[in-house]
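Trainee: The structure's right below; bear with me while I get my questions together.
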Amino acid sequence: MAEGSRNKSIQMADNSFSDGVPADSGEAAKNAGSTGQLAAGETQLEGSPAEKLTDQVMQNPQVLAALQERLDNVSHTPSSYIETLPRAVKRRINALKQLQVRCAHIEAKFYEEVHDLERKYAALYQPLFDKRREFITGDVEPTDAESEWHSENEEEDKLAGDMKNKVVIAEKAAAGEPDPRGIPEFWFTIFRNVDMLSELVQEYDEPILKHLQDIKVKFSDPGQPMSFVLEFHFEPNDYFTNPVLTKTYKMKSEPDKADPFSFEGPEIVDCDGCTIDWKKGRNVTVKTIKKKQKHKGRGTVRTITKQVPNESFFNFFNPLKASGDGESLDEDSEFTLASDFEIGHFFRERIVPRAVLYFTGEAIEDDDNVCGWGRFEEGEEGEEEELEGDEEGEDEDDAEVNPKKEPSQPAECKQQAKPAAGRTAGAAAAAPRSPDMKTPGEVLREGELEKRSDSLFQLWKKKRGVLTPDRLRLFPAGPGARPKELRFHSILKVDCVERTGKYVYFTIVTTDRKEIDFRCAGESCWNAAITLALIDFQNRRALEHFRSRQERAAPAAQPEPGAARAP
(Lines give C-alpha, C1' and ligand atoms only; values in the text may rest on other atoms or scores of the structure.)
Protein backbone atom coordinates (compact mmCIF):
# COMPACT_ATOMS: atom_id res chain seq x y z
CA MET A 1 0.00 0.00 0.00
CA ALA A 2 1.32 3.45 -0.89
CA GLU A 3 2.33 5.84 1.90
CA GLY A 4 -0.45 8.33 1.07
CA SER A 5 -3.12 5.62 1.12
CA ARG A 6 -1.76 4.24 4.38
CA ASN A 7 -1.92 7.67 6.04
CA LYS A 8 -5.45 8.11 4.77
CA SER A 9 -6.49 4.79 6.25
CA ILE A 10 -4.99 5.80 9.61
CA GLN A 11 -6.97 9.03 9.56
CA MET A 12 -10.19 7.21 8.65
CA ALA A 13 -9.64 4.70 11.40
CA ASP A 14 -9.03 7.41 13.98
CA ASN A 15 -12.30 9.05 12.98
CA SER A 16 -14.15 5.79 13.64
CA PHE A 17 -13.37 5.92 17.37
CA SER A 18 -16.07 7.34 19.65
CA ASP A 19 -15.48 8.00 23.37
CA GLY A 20 -12.42 5.80 23.34
CA VAL A 21 -14.20 2.74 21.83
CA PRO A 22 -13.78 1.80 18.14
CA ALA A 23 -17.12 1.88 16.40
CA ASP A 24 -16.53 -1.21 14.22
CA SER A 25 -14.21 -3.20 16.45
CA GLY A 26 -16.57 -6.20 16.59
CA GLU A 27 -17.09 -6.18 12.84
CA ALA A 28 -13.33 -5.83 12.31
CA ALA A 29 -12.61 -8.88 14.43
CA LYS A 30 -15.24 -10.95 12.60
CA ASN A 31 -13.93 -9.97 9.17
CA ALA A 32 -10.35 -10.59 10.23
CA GLY A 33 -11.21 -14.12 11.31
CA SER A 34 -13.02 -15.00 8.10
CA THR A 35 -11.00 -13.36 5.36
CA GLY A 36 -7.56 -12.66 6.81
CA GLN A 37 -5.28 -9.92 5.53
CA LEU A 38 -5.14 -8.80 1.92
CA ALA A 39 -1.97 -9.28 0.00
CA ALA A 40 0.19 -6.24 -0.66
CA GLY A 41 -1.22 -4.12 -3.48
CA GLU A 42 -4.64 -5.85 -3.48
CA THR A 43 -7.81 -3.81 -3.16
CA GLN A 44 -11.16 -4.83 -1.67
CA LEU A 45 -13.71 -4.06 -4.35
CA GLU A 46 -16.78 -5.75 -2.95
CA GLY A 47 -18.74 -5.24 0.26
CA SER A 48 -20.05 -2.21 2.12
CA PRO A 49 -17.91 0.88 2.92
CA ALA A 50 -17.77 -0.25 6.54
CA GLU A 51 -16.27 -3.62 5.46
CA LYS A 52 -13.70 -1.85 3.28
CA LEU A 53 -12.73 0.38 6.18
CA THR A 54 -12.46 -2.67 8.46
CA ASP A 55 -10.12 -4.44 6.00
CA GLN A 56 -7.94 -1.31 5.78
CA VAL A 57 -7.75 -1.18 9.58
CA MET A 58 -6.88 -4.86 9.93
CA GLN A 59 -3.96 -4.75 7.48
CA ASN A 60 -2.30 -1.68 9.09
CA PRO A 61 -0.10 -2.60 12.09
CA GLN A 62 -0.01 0.97 13.45
CA VAL A 63 -3.78 1.20 13.54
CA LEU A 64 -4.03 -2.24 15.13
CA ALA A 65 -1.63 -1.11 17.87
CA ALA A 66 -3.73 1.98 18.52
CA LEU A 67 -6.86 -0.18 18.56
CA GLN A 68 -5.34 -2.53 21.13
CA GLU A 69 -4.30 0.44 23.30
CA ARG A 70 -7.84 1.81 23.25
CA LEU A 71 -9.28 -1.59 24.16
CA ASP A 72 -6.77 -1.97 27.00
CA ASN A 73 -7.79 1.42 28.38
CA VAL A 74 -11.47 0.50 28.21
CA SER A 75 -10.90 -2.79 30.00
CA HIS A 76 -9.29 -1.07 32.99
CA THR A 77 -12.16 1.27 33.88
CA PRO A 78 -13.58 0.88 37.40
CA SER A 79 -17.00 -0.22 36.13
CA SER A 80 -15.49 -2.97 33.99
CA TYR A 81 -13.51 -4.18 37.00
CA ILE A 82 -16.67 -4.39 39.14
CA GLU A 83 -18.32 -6.50 36.45
CA THR A 84 -15.55 -9.09 36.75
CA LEU A 85 -16.07 -9.62 40.51
CA PRO A 86 -17.89 -12.71 41.86
CA ARG A 87 -21.58 -12.40 42.65
CA ALA A 88 -20.97 -12.70 46.41
CA VAL A 89 -18.59 -9.72 46.33
CA LYS A 90 -21.11 -7.64 44.33
CA ARG A 91 -23.71 -8.45 46.97
CA ARG A 92 -21.45 -7.02 49.69
CA ILE A 93 -20.79 -3.91 47.60
CA ASN A 94 -24.55 -3.33 47.38
CA ALA A 95 -24.67 -3.54 51.18
CA LEU A 96 -21.99 -0.83 51.36
CA LYS A 97 -24.09 1.39 49.10
CA GLN A 98 -27.03 0.97 51.47
CA LEU A 99 -24.78 2.19 54.30
CA GLN A 100 -23.67 5.12 52.14
CA VAL A 101 -27.29 6.20 51.62
CA ARG A 102 -27.86 6.14 55.38
CA CYS A 103 -24.72 8.27 55.82
CA ALA A 104 -26.13 10.79 53.35
CA HIS A 105 -29.34 11.10 55.38
CA ILE A 106 -27.32 11.63 58.58
CA GLU A 107 -25.31 14.31 56.77
CA ALA A 108 -28.58 16.01 55.78
CA LYS A 109 -29.60 16.13 59.46
CA PHE A 110 -26.21 17.63 60.27
CA TYR A 111 -26.80 20.48 57.83
CA GLU A 112 -30.26 21.09 59.25
CA GLU A 113 -28.66 21.62 62.66
CA VAL A 114 -26.08 23.90 61.06
CA HIS A 115 -28.98 25.96 59.72
CA ASP A 116 -30.37 26.19 63.28
CA LEU A 117 -26.95 27.39 64.47
CA GLU A 118 -26.86 30.00 61.72
CA ARG A 119 -30.25 31.26 62.88
CA LYS A 120 -29.02 31.41 66.50
CA TYR A 121 -25.84 33.33 65.68
CA ALA A 122 -27.65 35.62 63.22
CA ALA A 123 -29.50 36.99 66.25
CA LEU A 124 -26.12 37.68 67.91
CA TYR A 125 -24.77 39.43 64.81
CA GLN A 126 -27.85 41.60 64.28
CA PRO A 127 -27.12 44.26 66.97
CA LEU A 128 -23.72 44.83 65.36
CA PHE A 129 -25.29 45.07 61.89
CA ASP A 130 -27.87 47.53 63.24
CA LYS A 131 -25.06 49.73 64.58
CA ARG A 132 -23.34 49.42 61.22
CA ARG A 133 -26.45 50.79 59.54
CA GLU A 134 -26.58 53.71 61.97
CA PHE A 135 -22.98 54.65 61.16
CA ILE A 136 -23.60 54.33 57.41
CA THR A 137 -26.76 56.44 57.39
CA GLY A 138 -25.32 59.00 59.79
CA ASP A 139 -28.01 58.48 62.44
CA VAL A 140 -25.24 57.86 64.99
CA GLU A 141 -21.68 59.19 65.04
CA PRO A 142 -19.05 56.67 66.27
CA THR A 143 -17.08 57.57 69.38
CA ASP A 144 -13.31 58.02 69.36
CA ALA A 145 -12.90 54.56 70.89
CA GLU A 146 -15.16 53.01 68.22
CA SER A 147 -13.25 54.83 65.45
CA GLU A 148 -9.81 53.71 66.60
CA TRP A 149 -8.13 51.18 64.30
CA HIS A 150 -4.63 49.74 64.64
CA SER A 151 -2.70 49.03 61.45
CA GLU A 152 0.65 47.37 60.82
CA ASN A 153 2.45 50.70 60.41
CA GLU A 154 0.67 52.22 63.36
CA GLU A 155 3.14 54.99 64.26
CA GLU A 156 3.60 56.17 60.66
CA ASP A 157 -0.14 56.11 60.06
CA LYS A 158 -0.79 57.99 63.29
CA LEU A 159 1.64 60.77 62.40
CA ALA A 160 0.38 60.95 58.84
CA GLY A 161 -3.22 60.86 60.07
CA ASP A 162 -2.65 63.67 62.56
CA MET A 163 -1.06 65.85 59.89
CA LYS A 164 -3.82 65.06 57.43
CA ASN A 165 -6.55 65.76 59.97
CA LYS A 166 -5.02 69.15 60.77
CA VAL A 167 -4.88 70.05 57.08
CA VAL A 168 -8.45 68.85 56.46
CA ILE A 169 -9.80 70.72 59.49
CA ALA A 170 -8.03 73.90 58.39
CA GLU A 171 -9.37 73.56 54.84
CA LYS A 172 -12.91 72.95 56.04
CA ALA A 173 -12.72 75.87 58.43
CA ALA A 174 -11.58 78.10 55.58
CA ALA A 175 -14.11 76.86 53.05
CA GLY A 176 -16.97 76.29 55.48
CA GLU A 177 -17.60 72.86 53.93
CA PRO A 178 -20.06 70.71 55.95
CA ASP A 179 -19.25 67.08 56.78
CA PRO A 180 -21.14 64.54 54.63
CA ARG A 181 -23.74 62.53 56.49
CA GLY A 182 -22.65 59.00 57.38
CA ILE A 183 -20.82 57.10 54.60
CA PRO A 184 -22.28 58.25 51.27
CA GLU A 185 -23.16 55.60 48.65
CA PHE A 186 -21.87 52.77 50.88
CA TRP A 187 -23.85 49.88 49.36
CA PHE A 188 -23.75 51.32 45.85
CA THR A 189 -19.93 51.35 46.07
CA ILE A 190 -20.00 47.65 46.98
CA PHE A 191 -22.11 46.97 43.89
CA ARG A 192 -19.50 48.75 41.77
CA ASN A 193 -16.57 46.96 43.42
CA VAL A 194 -17.88 43.40 43.05
CA ASP A 195 -17.80 42.15 39.45
CA MET A 196 -20.67 39.71 39.98
CA LEU A 197 -22.94 42.61 40.96
CA SER A 198 -21.60 45.35 38.70
CA GLU A 199 -22.44 43.23 35.65
CA LEU A 200 -26.12 43.42 36.66
CA VAL A 201 -26.25 47.17 37.22
CA GLN A 202 -27.23 49.42 34.33
CA GLU A 203 -26.54 53.13 34.19
CA TYR A 204 -30.17 53.98 34.96
CA ASP A 205 -30.06 51.68 38.04
CA GLU A 206 -27.31 53.68 39.70
CA PRO A 207 -29.40 56.64 40.98
CA ILE A 208 -31.80 54.16 42.61
CA LEU A 209 -29.07 52.08 44.29
CA LYS A 210 -27.66 55.23 45.85
CA HIS A 211 -30.78 55.21 48.05
CA LEU A 212 -29.99 51.70 49.37
CA GLN A 213 -29.36 51.94 53.12
CA ASP A 214 -29.03 48.34 54.29
CA ILE A 215 -29.14 44.67 53.25
CA LYS A 216 -30.24 42.06 55.76
CA VAL A 217 -30.42 38.26 55.81
CA LYS A 218 -33.22 36.52 57.69
CA PHE A 219 -33.37 32.76 58.20
CA SER A 220 -36.52 30.64 58.28
CA ASP A 221 -38.15 30.01 61.65
CA PRO A 222 -37.68 26.70 63.50
CA GLY A 223 -39.91 23.97 62.13
CA GLN A 224 -40.36 25.76 58.80
CA PRO A 225 -38.86 24.59 55.48
CA MET A 226 -35.24 25.69 55.12
CA SER A 227 -34.95 29.10 53.44
CA PHE A 228 -33.52 32.58 53.83
CA VAL A 229 -34.72 36.06 52.85
CA LEU A 230 -32.65 38.96 51.54
CA GLU A 231 -34.07 42.35 52.56
CA PHE A 232 -32.98 45.49 50.67
CA HIS A 233 -33.88 48.59 52.71
CA PHE A 234 -34.26 51.87 50.77
CA GLU A 235 -34.74 55.41 51.95
CA PRO A 236 -37.68 57.35 50.43
CA ASN A 237 -36.96 57.99 46.77
CA ASP A 238 -38.53 59.14 43.50
CA TYR A 239 -38.68 55.67 41.93
CA PHE A 240 -40.86 53.34 44.05
CA THR A 241 -42.81 53.42 47.26
CA ASN A 242 -41.56 50.16 48.82
CA PRO A 243 -39.34 50.77 51.85
CA VAL A 244 -38.08 47.16 51.61
CA LEU A 245 -37.60 44.85 48.62
CA THR A 246 -37.32 41.14 49.40
CA LYS A 247 -36.01 38.01 47.72
CA THR A 248 -36.73 34.58 49.28
CA TYR A 249 -34.51 31.58 48.51
CA LYS A 250 -35.93 28.12 49.21
CA MET A 251 -33.47 25.39 50.11
CA LYS A 252 -33.40 21.61 50.35
CA SER A 253 -31.20 19.49 52.58
CA GLU A 254 -32.02 15.90 51.75
CA PRO A 255 -30.54 13.36 49.36
CA ASP A 256 -32.22 12.97 46.01
CA LYS A 257 -34.14 9.69 45.87
CA ALA A 258 -33.01 9.02 42.31
CA ASP A 259 -29.34 9.90 42.98
CA PRO A 260 -28.61 9.91 46.74
CA PHE A 261 -24.83 9.76 46.26
CA SER A 262 -24.80 13.24 44.67
CA PHE A 263 -25.77 14.90 47.98
CA GLU A 264 -23.15 17.45 49.08
CA GLY A 265 -25.17 19.60 51.47
CA PRO A 266 -28.05 22.09 51.26
CA GLU A 267 -28.87 23.53 47.86
CA ILE A 268 -31.08 26.36 46.68
CA VAL A 269 -33.98 24.91 44.69
CA ASP A 270 -36.22 27.91 44.02
CA CYS A 271 -36.68 31.62 44.75
CA ASP A 272 -39.46 34.20 44.96
CA GLY A 273 -39.23 37.93 44.48
CA CYS A 274 -41.60 40.75 45.33
CA THR A 275 -43.76 43.30 43.55
CA ILE A 276 -42.10 46.69 43.15
CA ASP A 277 -44.58 49.56 43.37
CA TRP A 278 -43.02 51.83 40.77
CA LYS A 279 -44.00 55.46 40.59
CA LYS A 280 -45.46 56.62 37.29
CA GLY A 281 -42.87 56.70 34.51
CA ARG A 282 -40.08 55.44 36.78
CA ASN A 283 -40.08 51.69 36.08
CA VAL A 284 -36.58 50.89 34.80
CA THR A 285 -37.38 47.20 34.18
CA VAL A 286 -39.45 48.04 31.08
CA LYS A 287 -39.00 50.40 28.17
CA THR A 288 -41.50 51.87 25.75
CA ILE A 289 -40.96 51.35 22.03
CA LYS A 290 -42.84 52.70 19.03
CA LYS A 291 -43.72 50.44 16.14
CA LYS A 292 -45.39 51.20 12.82
CA GLN A 293 -48.17 48.91 11.58
CA LYS A 294 -49.62 48.88 8.08
CA HIS A 295 -53.23 47.87 7.56
CA LYS A 296 -53.42 45.04 5.02
CA GLY A 297 -56.69 46.17 3.44
CA ARG A 298 -56.65 49.96 3.55
CA GLY A 299 -52.88 50.39 3.41
CA THR A 300 -52.93 52.98 6.16
CA VAL A 301 -50.02 53.16 8.60
CA ARG A 302 -50.40 53.72 12.32
CA THR A 303 -47.86 54.02 15.12
CA ILE A 304 -48.40 51.97 18.25
CA THR A 305 -46.45 52.02 21.49
CA LYS A 306 -45.85 49.06 23.75
CA GLN A 307 -43.70 48.17 26.73
CA VAL A 308 -41.02 45.50 26.49
CA PRO A 309 -38.66 44.12 29.16
CA ASN A 310 -35.53 46.13 29.85
CA GLU A 311 -32.25 44.98 31.39
CA SER A 312 -31.97 46.14 35.00
CA PHE A 313 -30.67 44.99 38.36
CA PHE A 314 -34.23 45.25 39.65
CA ASN A 315 -35.24 42.26 37.52
CA PHE A 316 -33.49 40.45 40.39
CA PHE A 317 -36.81 40.77 42.26
CA ASN A 318 -38.78 39.10 39.45
CA PRO A 319 -36.85 35.84 39.08
CA LEU A 320 -37.37 32.92 36.76
CA LYS A 321 -39.30 30.13 38.48
CA ALA A 322 -37.80 26.67 38.75
CA SER A 323 -39.87 24.06 36.93
CA GLY A 324 -41.95 22.10 39.45
CA ASP A 325 -44.11 20.02 37.11
CA GLY A 326 -41.37 17.69 35.93
CA GLU A 327 -40.66 19.67 32.75
CA SER A 328 -37.00 20.50 32.22
CA LEU A 329 -35.84 24.06 31.60
CA ASP A 330 -33.88 24.97 28.49
CA GLU A 331 -30.16 25.59 28.78
CA ASP A 332 -30.40 29.40 28.92
CA SER A 333 -33.08 29.25 31.63
CA GLU A 334 -31.00 26.84 33.69
CA PHE A 335 -28.02 29.19 33.37
CA THR A 336 -30.11 32.20 34.44
CA LEU A 337 -31.55 30.35 37.43
CA ALA A 338 -28.16 29.02 38.54
CA SER A 339 -26.69 32.53 38.28
CA ASP A 340 -29.53 33.87 40.42
CA PHE A 341 -28.87 31.21 43.07
CA GLU A 342 -25.17 32.04 43.08
CA ILE A 343 -25.83 35.75 43.57
CA GLY A 344 -28.24 35.08 46.45
CA HIS A 345 -25.73 32.80 48.14
CA PHE A 346 -23.00 35.41 47.67
CA PHE A 347 -25.11 38.11 49.33
CA ARG A 348 -25.82 35.82 52.26
CA GLU A 349 -22.34 34.38 52.81
CA ARG A 350 -20.05 37.22 51.81
CA ILE A 351 -21.55 40.65 51.14
CA VAL A 352 -23.77 41.07 54.20
CA PRO A 353 -21.36 39.66 56.83
CA ARG A 354 -18.29 41.50 55.46
CA ALA A 355 -19.77 44.61 53.88
CA VAL A 356 -17.10 47.10 55.02
CA LEU A 357 -14.32 44.97 53.51
CA TYR A 358 -16.10 44.91 50.14
CA PHE A 359 -16.58 48.68 50.41
CA THR A 360 -12.84 49.23 50.95
CA GLY A 361 -11.91 46.49 48.45
CA GLU A 362 -9.96 44.41 50.98
CA ALA A 363 -12.27 41.39 50.66
CA ILE A 364 -12.52 41.41 46.89
CA GLU A 365 -10.97 38.25 45.54
CA ASP A 366 -10.57 38.78 41.84
CA ASP A 367 -10.61 35.20 40.60
CA ASP A 368 -9.36 36.17 37.17
CA ASN A 369 -6.31 38.00 38.49
CA VAL A 370 -5.39 34.93 40.55
CA CYS A 371 -5.40 32.90 37.35
CA GLY A 372 -3.32 35.40 35.39
CA TRP A 373 -6.04 37.83 34.35
CA GLY A 374 -5.45 41.56 34.71
CA ARG A 375 -7.43 44.70 34.16
CA PHE A 376 -6.56 47.17 31.44
CA GLU A 377 -3.86 49.57 32.47
CA GLU A 378 -3.44 52.70 30.42
CA GLY A 379 -0.13 53.07 28.67
CA GLU A 380 1.43 49.88 30.04
CA GLU A 381 4.61 49.12 28.12
CA GLY A 382 3.50 51.72 25.59
CA GLU A 383 0.98 49.31 24.05
CA GLU A 384 -2.29 50.56 25.49
CA GLU A 385 -1.67 54.04 24.09
CA GLU A 386 -2.16 52.67 20.61
CA LEU A 387 -5.63 51.54 21.57
CA GLU A 388 -6.95 54.78 23.04
CA GLY A 389 -9.65 56.89 21.44
CA ASP A 390 -12.78 56.21 19.43
CA GLU A 391 -12.71 55.35 15.76
CA GLU A 392 -15.19 56.52 13.20
CA GLY A 393 -17.69 54.22 11.58
CA GLU A 394 -18.06 51.89 14.56
CA ASP A 395 -20.72 49.22 14.18
CA GLU A 396 -24.04 49.70 15.93
CA ASP A 397 -23.73 46.30 17.58
CA ASP A 398 -20.57 47.40 19.35
CA ALA A 399 -22.28 50.55 20.53
CA GLU A 400 -25.00 48.43 22.12
CA VAL A 401 -22.53 46.18 23.88
CA ASN A 402 -20.46 49.05 25.28
CA PRO A 403 -22.06 52.45 24.74
CA LYS A 404 -19.82 54.20 27.28
CA LYS A 405 -16.38 54.30 25.75
CA GLU A 406 -13.52 54.13 28.23
CA PRO A 407 -10.06 55.49 27.39
CA SER A 408 -8.42 52.10 27.75
CA GLN A 409 -10.90 50.14 25.68
CA PRO A 410 -9.70 48.87 22.30
CA ALA A 411 -11.37 49.49 18.99
CA GLU A 412 -12.30 45.82 18.77
CA CYS A 413 -13.59 45.56 15.25
CA LYS A 414 -10.76 47.36 13.46
CA GLN A 415 -8.02 45.49 11.71
CA GLN A 416 -5.38 48.19 12.24
CA ALA A 417 -4.43 50.12 15.35
CA LYS A 418 -3.89 53.85 15.43
CA PRO A 419 -0.32 55.12 15.86
CA ALA A 420 0.66 55.62 19.47
CA ALA A 421 -0.19 58.94 21.04
CA GLY A 422 2.67 61.41 20.68
CA ARG A 423 4.30 59.50 17.85
CA THR A 424 4.62 61.34 14.56
CA ALA A 425 3.84 59.81 11.21
CA GLY A 426 7.48 60.16 10.21
CA ALA A 427 8.66 58.29 13.27
CA ALA A 428 6.16 55.55 12.60
CA ALA A 429 7.29 55.26 9.00
CA ALA A 430 10.92 55.14 10.11
CA ALA A 431 10.29 51.84 11.85
CA PRO A 432 9.18 49.47 9.06
CA ARG A 433 7.99 46.03 10.05
CA SER A 434 7.95 42.68 8.35
CA PRO A 435 4.85 41.99 6.23
CA ASP A 436 4.03 38.96 8.40
CA MET A 437 4.50 40.86 11.67
CA LYS A 438 1.12 41.55 13.29
CA THR A 439 0.02 44.82 14.88
CA PRO A 440 -0.68 44.44 18.63
CA GLY A 441 -4.19 45.87 18.22
CA GLU A 442 -5.12 43.75 15.19
CA VAL A 443 -8.20 41.60 15.83
CA LEU A 444 -7.72 37.96 14.83
CA ARG A 445 -11.06 36.69 16.09
CA GLU A 446 -14.08 38.14 17.87
CA GLY A 447 -17.22 36.48 19.17
CA GLU A 448 -18.93 34.72 22.05
CA LEU A 449 -16.79 32.72 24.44
CA GLU A 450 -17.77 31.23 27.80
CA LYS A 451 -15.50 31.09 30.86
CA ARG A 452 -16.10 28.95 33.92
CA SER A 453 -16.20 31.08 37.08
CA ASP A 454 -14.04 30.16 40.05
CA SER A 455 -16.85 30.87 42.49
CA LEU A 456 -18.86 28.36 44.46
CA PHE A 457 -21.11 27.09 41.67
CA GLN A 458 -18.50 27.29 38.87
CA LEU A 459 -21.02 28.64 36.38
CA TRP A 460 -20.35 29.20 32.71
CA LYS A 461 -20.48 32.95 32.03
CA LYS A 462 -20.87 34.34 28.52
CA LYS A 463 -18.28 36.87 27.43
CA ARG A 464 -17.39 38.64 24.21
CA GLY A 465 -13.92 37.46 23.34
CA VAL A 466 -11.46 39.55 21.33
CA LEU A 467 -8.28 37.75 20.24
CA THR A 468 -5.26 39.82 19.16
CA PRO A 469 -1.71 38.74 18.32
CA ASP A 470 -0.50 39.17 21.91
CA ARG A 471 -3.49 38.69 24.22
CA LEU A 472 -7.05 37.48 24.77
CA ARG A 473 -9.58 40.03 26.00
CA LEU A 474 -12.93 39.22 27.60
CA PHE A 475 -15.73 41.78 27.72
CA PRO A 476 -18.57 40.99 30.16
CA ALA A 477 -22.15 41.49 29.04
CA GLY A 478 -23.65 44.83 29.96
CA PRO A 479 -22.81 48.43 29.17
CA GLY A 480 -19.86 49.99 30.94
CA ALA A 481 -18.53 46.63 32.14
CA ARG A 482 -14.77 46.54 32.60
CA PRO A 483 -12.92 44.11 30.31
CA LYS A 484 -10.18 41.74 31.40
CA GLU A 485 -7.25 40.34 29.47
CA LEU A 486 -4.84 37.45 29.45
CA ARG A 487 -1.50 38.22 27.82
CA PHE A 488 0.25 35.50 25.87
CA HIS A 489 3.52 35.92 27.77
CA SER A 490 1.69 34.45 30.79
CA ILE A 491 0.19 31.48 28.85
CA LEU A 492 1.98 28.15 28.80
CA LYS A 493 -0.35 26.15 26.57
CA VAL A 494 -3.93 25.33 25.52
CA ASP A 495 -4.82 21.94 26.95
CA CYS A 496 -7.59 19.39 27.55
CA VAL A 497 -9.53 19.98 24.32
CA GLU A 498 -12.73 17.92 24.35
CA ARG A 499 -15.91 18.01 22.29
CA THR A 500 -19.13 17.22 24.15
CA GLY A 501 -22.44 17.83 22.41
CA LYS A 502 -22.45 21.24 20.73
CA TYR A 503 -19.56 22.60 22.82
CA VAL A 504 -15.79 22.33 22.68
CA TYR A 505 -14.21 22.51 26.14
CA PHE A 506 -10.59 23.58 26.60
CA THR A 507 -8.25 24.81 29.32
CA ILE A 508 -5.66 27.58 29.19
CA VAL A 509 -2.69 26.78 31.43
CA THR A 510 -0.70 29.79 32.62
CA THR A 511 3.04 29.94 33.31
CA ASP A 512 2.36 29.69 37.05
CA ARG A 513 0.37 26.47 36.44
CA LYS A 514 -3.07 27.99 36.99
CA GLU A 515 -5.88 26.57 34.84
CA ILE A 516 -8.70 28.60 33.27
CA ASP A 517 -11.60 26.65 31.75
CA PHE A 518 -13.44 27.78 28.62
CA ARG A 519 -16.04 26.43 26.25
CA CYS A 520 -17.27 27.56 22.86
CA ALA A 521 -19.62 26.46 20.13
CA GLY A 522 -18.03 23.70 18.09
CA GLU A 523 -18.03 25.62 14.82
CA SER A 524 -16.33 28.69 16.35
CA CYS A 525 -12.99 26.86 16.95
CA TRP A 526 -11.77 29.32 19.59
CA ASN A 527 -9.34 26.72 20.93
CA ALA A 528 -7.61 26.41 17.55
CA ALA A 529 -7.51 30.18 17.03
CA ILE A 530 -5.95 30.79 20.47
CA THR A 531 -3.43 27.97 19.95
CA LEU A 532 -2.30 29.30 16.57
CA ALA A 533 -2.06 32.87 17.91
CA LEU A 534 -0.04 31.63 20.89
CA ILE A 535 2.38 29.70 18.65
CA ASP A 536 2.79 32.74 16.40
CA PHE A 537 3.43 34.96 19.46
CA GLN A 538 6.04 32.56 20.84
CA ASN A 539 7.79 32.34 17.46
CA ARG A 540 7.90 36.13 17.11
CA ARG A 541 9.17 36.46 20.65
CA ALA A 542 11.95 33.92 20.03
CA LEU A 543 12.92 35.77 16.84
CA GLU A 544 13.06 39.08 18.71
CA HIS A 545 15.32 37.56 21.36
CA PHE A 546 17.60 36.16 18.64
CA ARG A 547 17.86 39.52 16.86
CA SER A 548 18.49 41.25 20.17
CA ARG A 549 21.41 38.93 20.93
CA GLN A 550 22.83 39.54 17.45
CA GLU A 551 22.60 43.31 17.89
CA ARG A 552 24.37 43.13 21.24
CA ALA A 553 27.13 40.99 19.74
CA ALA A 554 27.55 43.17 16.63
CA PRO A 555 29.48 46.11 18.26
CA ALA A 556 32.15 43.71 19.54
CA ALA A 557 32.87 42.55 16.00
CA GLN A 558 33.23 46.11 14.56
CA PRO A 559 36.74 47.65 14.27
CA GLU A 560 37.69 50.39 16.72
CA PRO A 561 37.49 54.00 15.48
CA GLY A 562 40.76 55.18 13.97
CA ALA A 563 42.01 51.68 13.18
CA ALA A 564 43.84 51.41 9.85
CA ARG A 565 41.80 49.88 7.06
CA ALA A 566 43.19 47.23 4.83
CA PRO A 567 44.18 48.60 1.45
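The values are calculated or read from the model by the stated rules, or taken from the named source; none is laboratory data. Being a predicted model, the structure only gives us computed values, none of them experimental. Cβ: placed from backbone, ideal geometry, glycine included. Neighbour counts: every protein chain shown. With ligands, DNA and RNA removed, areas are computed over all heavy atoms of the protein, side chains included. Shrake-Rupley method; radii C 1.70, N 1.55, O 1.52, S 1.80 Å.
Trainee: Hey, can you find the accessible area per residue of region 188-234 for me, probe 1.4 Å, expressed in square angstrom?
Mentor: With the other protein chains kept in place, region 188-234 gives 39 Å² per residue.
Trainee: If each of Ser80 and Ile364 carries a label point 7 Å out from its Cα toward its Cβ, how far apart are those two points in nm?
Mentor: Output for this residue pair reads 5.1 nm.
Trainee: Round to a whole number: what % of the accessible area of region 275-349 belongs to carbon and sulfur, probe 1.4 Å?
Mentor: About 47 percent, which is the carbon plus sulfur part of the accessible surface.
Trainee: For region 209-310, what value does the Rg/Rh ratio take when both radii are computed over Cα atoms and Rh is the Kirkwood radius, given to two decimals?
Mentor: Rg divided by Rh gives 1.23.
Trainee: Oh, and also: Hey, rough spin-label estimate for Thr288 and Val356, points 7 angstrom out along Cα→Cβ, what's it come to in nanometres?
Mentor: Going from the Thr288 label point to the Val356 one covers 4.6 nm.
Trainee: Counting only pairs 8 or more residues apart or on different chains, how many lysine pairs in region 245-341 have their Cα atoms under 27 Å apart?
Mentor: Eligible lysine pairs with Cα atoms under 27 Å apart amount to 24.
Trainee: About its Cα centre, how strong a charge dipole does region 224-278 have in debye, to the nearest 20, once Lys and Arg get +1 and Asp and Glu get -1 at the Cβ?
Mentor: 120
Trainee: Sticking with this structure for a sec: Report, in debye and to the nearest 20, how large the dipole of region 233-317 comes out about its Cα centre when Lys and Arg carry +1 and Asp and Glu carry -1 on their Cβ.
Mentor: Dipole about the Cα centre, nearest 20: 1540 debye.
Trainee: By average Cβ neighbour count within 10 Å, what is the ranking of 506-512, 142-148 from highest down?
Mentor: My ranking of the peptides, most packed first, is 506-512, 142-148.
Trainee: Okay, next question. If each residue of separation counts as 0.36 nm, what is the full-extension length gain between Glu112 and Arg302 once their alpha-carbon separation is subtracted?
Mentor: 62.3 nm
Trainee: Turning to a different aspect of this structure: Taking 37 °C and 0.692 mPa s as the conditions, I'd like the Stokes-Einstein D for region 85-129 in µm²/s, using the Kirkwood hydrodynamic radius from alpha carbon pairs.
Mentor: 245
Trainee: Kindly rank 447-453, 111-117 from highest to lowest mean number of other beta carbons found within 10 Å of each residue.
Mentor: 447-453, 111-117
Trainee: Please list, ordered by chain and number, the residues whose modelled amide H lies under 5 Å from the amide H of Ile491; skip anything fewer than 5 residues away on the same chain.
Mentor: Amide H to amide H, under 5 Å and 5 or more residues apart or across chains, Ile491 pairs with Thr511.
Trainee: Rounding to the nearest 20 debye, state how big the charge dipole of region 460-529 is about its Cα centre with +1 on each Lys and Arg Cβ and -1 on each Asp and Glu Cβ.
Mentor: With Lys and Arg at +1 and Asp and Glu at -1, about 320 debye.
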